[in-house]
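The values are calculated or read from the model by the stated rules, or taken from the named source; none is laboratory data. The structure displayed is predicted, hence computed values, not measured ones. Every residue, glycine among them, receives a Cβ derived from its backbone with ideal geometry; neighbour counts consider all protein chains shown.
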Amino acid sequence: MNQIILGDCFDQINELDENSVNLVVSSPPYNIGKEYENRIKIEEYVNNQYEILRNLYQKISNSGSIFWQVGSFTKNGYLYPLDILLFPKFIELGFLPINRIIWARSHGLHAKKKFSARHETILWFAKTENYHFKLGDIRVPQKYQNKKSYRGKNKGELTCNPEGKNPGDVWLFRNVKHNHEEQTIHPCQFPEDLVARIILSTTKIDDLVVDPFMGTGTVPVVAKNLGRRYFGVEIDSSYYEVAQRRISCTFDNNYSFANLKCLRDYVQKTGEDISKYKFDVQVGNRATEREKSKIFSEEYHKDEFLNRLELEENKFKENYQKNIIQTAFN
């Protein structure tokens, strides 16, 4: 274990021992024609996914889980949510449905003849009812931290857990794009904190975490950082090379790191001059120190998202009232 492999996930999954995997976290290609995939008929795509999931089912332990993050497939302008197409396949294989998580974003694909896409989904299934889940390390701040009961037998006592609340099934982690320090050459990648929430809540130290569609290595990187064993597979050699540098936090012959985060980590550890190095997806003319970066928590993005929704709602109400008045006069 603790390795990433260049190859086809169909072949490499078979090399794993049965009941050895504690967690699978992955985002398979959406079959929308991205640079790393060949678009095929949707029926063939679903069948391929079924075969991968069937193999994974045999490898997942009785306390294990699988998190499958997907978007939507579009054909002739019509939308086919992949989680809805794949859900019956999970059930057919014997997986137990635990959560359907909404990963919401304030930005996304724009549309003219339908509402713009602003979320993707993460399907969480368990192998058995004895799946591992622990809230302790993933609680988020309570909205009212010190709220107390004002009557009854619990008067004066806290009405909520002082350590925080369950984060719920709507997540607002920032998408990894242009000015995100984790961005690599891959056009679609997980933010590390999203993966960390999954790993911390469903695994223990030394458990095995697998990603059969590894991309540039986000899941192995987070698993390693959290003391879990990892196994990743990637078929694209350029992404695989980036993942190798990212996991080892090293630079290539051009003194370039996989992303700005790796460069900042390296400089913080070694004390070297950051201007001596660069990173693959360069933003601006040079790398900046971490102190100058703008890294915000999920709670920050959640507040920003809710503020934006409130502005949109108020504007809609304003337009709604105008339409009522116009209709009355007509």
>> Looking only at residues that are modelled with pLDDT of 95 or more and of a type in the set (A, V, I, L, M, F, W, C) in region 53-83, which one is surrounded by the fewest Cβ atoms within 10 Å (Cβ to Cβ)?
In response: 53
>> Quick check on my filter: what residues within region 176-193 are touching a Ser or Thr at 6+ places or on another chain (Cβ under 9 Å) and not acidic (Asp, Glu)?
In response: 176, 179, 184, 185, 186, 188, 189, 190, 191
> Looking at region 13-31, which of its residues are among the polar types (S, T, N, Q) and modelled with pLDDT of 95 or more?
Replying inline: 19, 20, 22, 26
> In this structure, does residue 49 turn out to be of a type in the set (S, T, N, Q), in contact with an Asp or Glu (Cβ under 6 Å, 6 or more places away or on another chain) and assigned to a helix (DSSP H, G or I)?
Replying inline: no
>> Among the residues that make up region 261-282, is at least one of them at pLDDT below 75, loosely packed, with under 12 Cβ neighbours inside 10 Å and at negative phi?
In response: yes
> Of the residues that make up region 77-98, is at least one in contact with a helix residue (DSSP H, G or I) (Cβ under 7 Å, 6 or more places away or on another chain) and more than 30 Å from residue 19 (Cα to Cα)?
Replying inline: yes
> Mind checking which residues of region 110-133 are modelled with pLDDT under 95 and loosely packed, with under 12 Cβ neighbours inside 10 Å?
Replying inline: 110, 112, 113, 114, 115, 116
> Can you name the residue in region 176-215 that is in contact with a helix residue (DSSP H, G or I) (Cβ under 9 Å, 6 or more places away or on another chain) and hydroxyl-bearing (Ser, Thr, Tyr) and is also nearest to residue 297 (Cα to Cα) among such residues?
Replying inline: 184
> Is there any pair with a first residue in region 129-144 that is without any contact (Cβ under 8 Å) to a residue 60 or more places away in the chain and a second that is of a type outside the set (Val, Ile, Thr) and assigned to a loop (DSSP other than H, G, I, E, B) whose Cβ atoms are under 6 Å apart and which are 6 or more apart or on different chains, and what are they?
Replying inline: 139/163; 139/164; 142/160
